[in-house]
Every structure is written in C-alpha cells, then in structure tokens.
Amino acid sequence: MYDFDWSPIPRAIPFLWAGMKVTLQITVVAMLVGIGLGTVIAIMRLSKNRVVSALSAGYVNLFRAVPLIMVLLWFFLIVPSLIVRIFNLPRTANVQVTSAMVAFSLFQAAYYAEIIRAGIQSVKAGQIGAALALGMSYGQAMRLVVLPQAFRNMTPLLLTQTIILFQDTSLVYVSAVRDFFGAANIVGTRDGRIVELILFAGAVYFVICFVLSTLVKRWQDRLKVAA
Amino acid sequence: MDLNWHVFLEPAPSGGGATYLDWTIAGLKITVMLSMASWVIALLWGSVMGVFRTMPNRVLYGIATVYVEVFRNIPLLVQLFIWYFVMPELVPPALGNWYKQLDPVTAMFLASTLCLGFFTGARICEQVRAGIESLSKGQKAAGLALGFSLRQTYNYVLLPMAFRIIVPPLASEMVNLVKNSAVASTIGLLELAAMGRQLVDYTARAYESFTAITLLYIALNLIILGFMSWVELKARVPGFISGGGR
Amino acid sequence: MIDIRNVSKIYPNGFQALKDCSTHVDKGEVIVVCGPSGSGKSTLIKCVNALEDFQQGEIVVNGISVGAPKTDLPKLRSHVGMVFQHFELFPHMSVLENLTIAQVKVLGRKKEEAVERGLKLLDRVGLRAHAPKFPGQLSGGQQQRVAIARALAMDPICMLFDEPTSALDPEMINEVLDVMIQLAREGMTMMVVTHEMGFARKVAHRVVFMDQGLVVEDAMKEDFFGKPRSERAQAFLSKILSH
C-alpha cells in the first residue's frame, strides 16, 4: 500500500490559497464578462437581420467546435505578444492572467449565449407582443419584460455552466498562470508528494462543486414547484 | 502577417522524409483512436450506470449516483492526473508495476482512455437516465403486464426506445469527447492539440499551425454530427414523434 | 377466479387510495368497475396483477395469492391479460411484433406458432392488413384493438381493462367496445374499469361502484341500474347517463 504523507499540505496552505485566489478571479471575471457578452450574442442571434444573426451563429459555432485547451494555447502564444506590442508593456505575469481571463470570457460567452438564447425563447411569445402593445420600444420590452423573465428561468443553467467554468480554469496548467491546481502540482513536485497533492486538489474541487451543484439542484426543484 | 501554407510540406526534424503534414496526421490519428476507445468505455459503462439510476434497487442506484457525483464534480484535468500519476501508486503492486513497465506512449494512452471513458460515462449515464424517464410509465407497466421480468422489460421495451430518443444528446457528447481528448496533451500524449503546439515550436508559424488544427477539429465535429444524423435516420420509428409518448 | 378481500393501499405520504375493498369475479363473469375520478378504481385493478402493491388484505387469482412474497409475478402476469387506457403498444415494434414478442420470450412459443396466433387474433379484431405497420401509423381505436389482441395472444385466463376507451375520440369508441362485447359473449372472464354504461348494460353481470377508495356498491346489473342503493351511486349514475 502506498505510504501516504500529507504533511506538506498544511505548510503549503498560503501558497495553495494564492493559487485558489487566481482560480476564483478568473472564474468570476469570465462569468460576468461571459454572461454580459453572451447576452449580446444571444440577442444578436435572435435578430431578424441575417448578417447579424449569422455573425453570432458563427461565433458560437466556432468556439463550441474547438477544445478549450486550443483556445488557451492560441491566447497564450499569440495574444500576449499582441498586447505587449500594442501597448508596449513589459511581459509580466499579469499579462498572462489577463490573457487567461480574456480567453475564458470569450470561450464561455459562446456557451452562455446558447443558454440565454434558449431562455429568451422560452418566454412566451405573447409577452413581447403585450409589451409592444403598451407602447414600449423593442429595447424597453426586452429590458423590462423579456430578459427579467428569461434570466429567472435560466439562472440554474447559468450557475451550472459557471461550475463547469470553475472546473475548466484548471486548464491554465498549460500556461504560466498559477491557479489552484497548478499550485498543488508545484507543491507536490517540490516535496515529492505529488500523489497526496493531486488527491487533495481533487477533494477540494469535489467538495466545492458538489455543494454548489446540490444548491443549484435544490433551487431548481423549488422553481419547479412554484411554476 | 505573411502566411506560408507550404510549411506543412517541409521536412520535419524527426527525419525519414516525414513532413509537418505527416506530424499533423499522426496527431490526428491518435486523437481519433483515443476518442473511439474512450467512447466504447463511456457508452457501455455509462449505459449500465444509467439503467442503475432508474432501478428500484437502492444499492445499484446508490453506486451509480456516487459514480456520477464524483466524476462530474472533479475537473477533467485533475481526473487525468489521478489516473496517470496516482492510480499506479494506489492499485495492488502487481498491477502498478505492470503499468510502470509499459512503454510511455502506451501508458499515457491507457490513462487517457480510462480517464476520458469514465468521465464521459458519467454524462452518458445521465442522458440514458433522462431517456428512460421520458418514456411514459405505461410502457413499463405494459411490459410487466405481459409477463416480462424487469430485465426483459428494460431490454425489449424501455432501452430500445430510450436509446433512440437520446441520439441527439449522445451526438453532443461525442463531440465533447473529441474536444476533451485534448487534455491528454498535458501528460505528454502527442494527439492533435499537442501536435499543434509542436508545430508552433518547430516552425514558428503560429497562425498556420493553429488554423490547421482548428480546421481539423471542426472537420471531426462535422463528421461526427453527420454520422449521428445517419444513425438517427436509421433508428427512426415510423409514425413516432420524439418526446416520449402521451 | 379473482378474489379481492379487504384490500387497503396506503401511500408513504399517508394518503389511502384503497380502503378495505372486497369483491370477486367468477369464471366467465364480466364485472364493470365505475366511479368518479380519484375513486381508486384504476388502482384496484392494477393491484390484481401486482402492478400496484397493497399493504393490507389479499388478492387471489386462480388460486395464486398475488401479494405473497414467493409468487412468481411474471408467470402470473403472463396468464392475466391487461389493456391500458393509453394503449401502450411498443412503438419500435411492428404490430405483429407487438403480438409475438411476449409469446416467444415469456411463453417460450416458437416464432412460427406465435406469428400464426398473432395473425389469427389480428383477423379477429379486424386488423390483419395492418400487421406490418407500426403503432405510430395507426389510429387510437386501431391501436387499442391491437392492444387487446396483444393481451389475448397470451391465452389469458382473464382480462383486465383499465379505462380502455377513455383516451379515444368518440367515433372510435364503438369499434373497441364491439371487440370487448364479442369477447364477453364468448365467455371471457373480464374486469373492466370504464364509464361506458351502455357496455355495462349489454354484457356486464355485476357492477361495482367505487368512491374515494371504498367499494360503495357491488350489485347485479339489473339491481344497480334499476335501484342503486346508495346516494352517491345514484348521483354518479344520473351524471353519467344524462349525456
């Protein structure tokens, strides 16, 4: 049986926590920007203008057709040099984290957009008609009547997608960005206890995601009863 | 930005007359093999677990539920590292030593296949469960009323319809599987995404390399979606509108 | 043939669907079970072939106790035919396959024998030409007739009908009732949950009236339609017969 030695973990907590902060940073930023951008893309997709609709569809289909790792590699190899060149900045770690946030935001936006689009379409067709009949403009109707209802319906799905995003941030492993999992790996390799650290990281992710997804499920069940 | 697509025909450092195009195709082959092997595990294991999640037997239901929760709440990358770095240490020494003796590529391929297979299996489990639960309760009752045992009812009545119903979501899972196979690059397997990185490193032609790899992933997606459309057509039940009866 | 003695069914949440119900069906008898929705009549009939369980009482079918732990339920069910409100034909099998699959897999008959039996029964319900078709291609009335044939293909000792015409459009109800009337006249033991009082008047021997989980009346047909003893049955009848 393997000889477990968990001692490096308590000592490394500050280091691991720093990594977790990066993970949370990326998750929160990508979620907010992703949902914002996703809403715009979803509305574009539902537009009667064929060009606008096609552009939006193209964006969504492109980002959903490629692995996230590919997108991250694209961003880490190409974008930092672009940013450095455009802004004449020194190549610091911050640029890397920013690239990661941009990459995740753009990627997640494609997935959020599909959820939001379905959410908007699930609002009864008569609602927008009723709003327009009251004299609201299309923009007002969307903002005051359709989107609030749509978001209430799709919040569980958006949250589930965010939990997936939280898990996906571990893929920054392929870059120089040090997130929670990256930090765990560094500690594990440095102290020769990679097995314990990987299992520890797995357990942490499991607890966080399991609790969050259970809460989302409870919320969904309550919504179903209320409907 | 000048693009040079001929770089693919230039000879690669691995020698023997291989071009960068050959490298790309080698990566593609590994991605395809990895995906197919994982899919077999995922479909078989996921289906069994999905059936367990619909059975009245609490033990089987519990096992399947634990499986789904564990494999859906741990990131794929972490799971891969567990299969590749941790499992060889935790299994009985005989098995562990055999694994460590394997040549590196086989070891990486094996870990990746198991990882991807069980990860995707959890998702397929939920699809199969949803498919079975979408059938009207009367179908199960009708099967039992004729004298079928529970197993016969699943085999002849519930599963044939459930699988037909879930062909579209299964197609999505296949596409996801191919995309997820890219994580294998992190442990060193030279599949398509890893090859993309190699190409950039050796040719310094980032745009061409990434465009080619991206196009290949898109092509794989289209092939899968096309194939599953054909499957859906073949499996269609005359006169039946998808959605699970009245 | 079917003996139901003091059966009670209580759901885990406390709701009691059946309260001390008792009745019986002798060989060759046709019993109609009627009552308002929620009266428990569907639940009761589903207890007879153990599609629903019950906590108290006893049900004996042809000498076999349905609730006993050792009872081979699939075997019992293969001898008791059931027809459902929503037909429940298997959509991925042709009409003929619907009829033969249980004959082959449960009764162990040879394929040729099963096919012959199936075609004969389809003939009997007037649907032989539809044998290669799929359920989705048939009308509701046709599907239900196939469902009856499917149950008959197992050579059952009795037939249970759970609101067989409730899901049918009015113009198709008669074609199904005609098959059932024919079956009754041939001497099949039948327990039928239905609102179709015309059918009851024609072929039923007894009528059982249920309300809120209780068997309120269990009378010979003439008595029931002539002078129902309970007020509830009276009210129910007047509502049913007025249209």
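The values are calculated or read from the model by the stated rules, or taken from the named source; none is laboratory data. Here the structure is a predicted model, which is why all the values come from computation and not from measurement. Here the Cβ positions follow ideal geometry from the backbone for every residue, glycine too, while neighbour counts run over all protein chains shown. We work out accessible area using only protein heavy atoms, side chains counted, and drop any ligands, DNA or RNA first. Shrake-Rupley method; radii C 1.70, N 1.55, O 1.52, S 1.80 Å.
One residue is enough: does segment C:126-148 have a residue meeting the conditions assigned to a loop (DSSP other than H, G, I, E, B), under 23 Å from C:M190 (Cα atoms) and more than 12 Å from chain B (Cβ to nearest Cβ)?
There is at least one residue in segment C:126-148 that is assigned to a loop (DSSP other than H, G, I, E, B), under 23 Å from C:M190 (Cα atoms) and more than 12 Å from chain B (Cβ to nearest Cβ).
Restricted to segment B:201-220, and to residues that are at the interface with chain A (Cβ under 7 Å from one of its Cβ atoms) and buried (at least 20 other Cβ atoms within 10 Å of the Cβ), which residue is farthest from the chain's Cα centre (by Cα)?
If we take residues in segment B:201-220 being at the interface with chain A (Cβ under 7 Å from one of its Cβ atoms) and buried (at least 20 other Cβ atoms within 10 Å of the Cβ), then B:F210 is farthest from the chain's Cα centre (by Cα).
On the basis of being within 14 Å of chain C (Cβ to nearest Cβ) and open to solvent by less than 30 Å² (accessible area, probe 1.4 Å), does B:A235 make the cut?
In short, yes.
So is B:L110 touching a residue at least 60 places away in the same chain (Cβ under 8 Å) and not acidic (D, E) or not?
So B:L110 does not fit the description; no.
Looking at B:V51, B:V40 in this structure, which one is farther than 30 Å from A:K217 by Cβ, away from every other protein chain (no Cβ under 12 Å) and β-branched (V, I, T)?
B:V40
If you take just the helices (runs of 4 or more DSSP H) that sit entirely in segment B:10-82, which of them hold at least 3 residues that are closer than 17 Å to B:N180 by Cβ, open to solvent by 70 Å² or more (accessible area, probe 1.4 Å) and of a type outside the set (K, R)?
Of the helices (runs of 4 or more DSSP H) lying wholly inside segment B:10-82, those with at least 3 residues that are closer than 17 Å to B:N180 by Cβ, open to solvent by 70 Å² or more (accessible area, probe 1.4 Å) and of a type outside the set (K, R) span B:20-52.
Within segment C:83-90, can one find any residue that is without any contact (Cβ under 8 Å) to a residue 60 or more places away in the chain and aliphatic (A, V, I, L, M)?
no
Could you look through segment A:172-211, keep only residues that are modelled with pLDDT of 95 or more and open to solvent by 60 Å² or more (accessible area, probe 1.4 Å), and pick out the one that is nearest to the other protein chains (Cβ to nearest Cβ)?
Ranking the qualifying residues of segment A:172-211, first place goes to A:F210.
If you check C:G140 against the conditions, is it of a type in the set (G, A, S), in contact (Cβ under 8 Å) with a residue 40 or more places away in the chain and open to solvent by 10 Å² or more (accessible area, probe 1.4 Å)?
Spelling it out, C:G140 is indeed of a type in the set (G, A, S), in contact (Cβ under 8 Å) with a residue 40 or more places away in the chain and open to solvent by 10 Å² or more (accessible area, probe 1.4 Å).
Looking only at segment B:135-172, how many residues end up being under 16 Å from C:L89 (Cα atoms) and either aliphatic (A, V, I, L, M) or in a helix (DSSP H, G or I) (or both)?
Result for segment B:135-172: 22.
Being within 12 Å of chain B (Cβ to nearest Cβ), closer than 15 Å to C:M154 by Cβ, of a type outside the set (G, A, S) and surrounded by fewer than 19 Cβ atoms within 10 Å (Cβ to Cβ): is that true of C:L99 here?
no
Give the residue that is nearest to B:V178 (Cα to Cα), with candidates limited to residues of segment A:58-90 that are open to solvent by 20 Å² or more (accessible area, probe 1.4 Å) and at pLDDT 85 or above.
Out of the qualifying residues, it is A:R64.
Of the conditions (1) in a loop (DSSP other than H, G, I, E, B); (2) in contact with a helix residue (DSSP H, G or I) (Cβ under 6 Å, 6 or more places away or on another chain), A:D5 satisfies every one except a single condition; which number is it?
(2)
Which residues, counting only those in segment A:159-171, are facing chain B (nearest Cβ under 10 Å) and open to solvent by less than 10 Å² (accessible area, probe 1.4 Å)?
A:T169, A:S170
Among the numbered criteria (1) surrounded by fewer than 23 Cβ atoms within 10 Å (Cβ to Cβ); (2) in contact with a helix residue (DSSP H, G or I) (Cβ under 8 Å, 6 or more places away or on another chain), which single criterion is violated by B:V128?
With respect to (1) surrounded by fewer than 23 Cβ atoms within 10 Å (Cβ to Cβ); (2) in contact with a helix residue (DSSP H, G or I) (Cβ under 8 Å, 6 or more places away or on another chain), B:V128 is out only on (1).
Failed condition for C:E175, given (1) buried (at least 23 other Cβ atoms within 10 Å of the Cβ); (2) at pLDDT 90 or above, with all others met?
C:E175 satisfies every listed condition except (1).
May I ask you to list the residues in segment B:70-104 that are in contact (Cβ under 8 Å) with a residue 24 or more places away in the chain and more than 9 Å from chain A (Cβ to nearest Cβ)?
B:F71, B:L80, B:W83, B:Y84, B:M87, B:P104
Is one or more of the residues making up segment C:158-168 assigned to a helix (DSSP H, G or I) and either of a type outside the set (V, I, T) or surrounded by fewer than 19 Cβ atoms within 10 Å (Cβ to Cβ) (or both)?
No, there is no match, as no residue in segment C:158-168 is assigned to a helix (DSSP H, G or I) and either of a type outside the set (V, I, T) or surrounded by fewer than 19 Cβ atoms within 10 Å (Cβ to Cβ) (or both).
Which residue is farthest from B:T120 (Cα to Cα), if the candidates are limited to segment B:182-200 and must be in a helix (DSSP H, G or I) and more than 8 Å from chain A (Cβ to nearest Cβ)?
B:L199
Which of the residues that make up segment C:73-96 are part of a loop (DSSP other than H, G, I, E, B) and more than 7 Å from every other protein chain (Cβ to nearest Cβ)?
Those that are part of a loop (DSSP other than H, G, I, E, B) and more than 7 Å from every other protein chain (Cβ to nearest Cβ): C:Q85, C:F87, C:L89, C:M93, C:S94.
Checking the condition within 25 Å of A:A184 (Cβ to Cβ), away from chain A (no Cβ under 14 Å), open to solvent by less than 60 Å² (accessible area, probe 1.4 Å) and at pLDDT 90 or above, which residue from B:A122, B:A107 passes?
Just one listed residue meets the conditions, B:A107.
Restricting to segment B:125-145, what's the tally of residues that are touching a Pro at 6+ places or on another chain (Cβ under 9 Å) and at the interface with chain C (Cβ under 9 Å from one of its Cβ atoms)?
2
(1) surrounded by fewer than 20 Cβ atoms within 10 Å (Cβ to Cβ); (2) under 16 Å from the mean Cα position of the chain (by Cα); (3) modelled with pLDDT of 90 or more: which one isn't true of A:T98, the others all being true?
It is condition (3) that A:T98 fails.
Tell me which strands (runs of 3 or more DSSP E) are completely within segment C:1-69 and hold 1 or more residues being at pLDDT 90 or above and surrounded by fewer than 16 Cβ atoms within 10 Å (Cβ to Cβ), or say none if there are none.
Passing ranges, in order: C:2-10, C:16-25, C:56-61.
Given the conditions (1) at pLDDT 90 or above; (2) over 25 Å from A:M44 (Cα atoms); (3) open to solvent by less than 50 Å² (accessible area, probe 1.4 Å), and given that A:A113 satisfies all but one, which numbered condition is not satisfied?
(2)
C:R109 versus (1) charged (D, E, K, R); (2) surrounded by 18 or more Cβ atoms within 10 Å (Cβ to Cβ); (3) within 11 Å of chain B (Cβ to nearest Cβ); (4) farther than 30 Å from C:A204 by Cβ: which is the lone unmet condition?
Of (1) charged (D, E, K, R); (2) surrounded by 18 or more Cβ atoms within 10 Å (Cβ to Cβ); (3) within 11 Å of chain B (Cβ to nearest Cβ); (4) farther than 30 Å from C:A204 by Cβ, only one is false for C:R109: (3).
Kindly evaluate B:I165 against the criterion of being in contact (Cβ under 8 Å) with a residue 40 or more places away in the chain and within 14 Å of chain C (Cβ to nearest Cβ).
Yes; evaluated as a whole, the condition is true for this residue.
Return the residue satisfying two criteria in turn: it lies in segment C:182-229 and is within 17 Å of C:P164 (Cα to Cα) and surrounded by fewer than 16 Cβ atoms within 10 Å (Cβ to Cβ), and of such residues it is modelled with the highest pLDDT.
C:Q182
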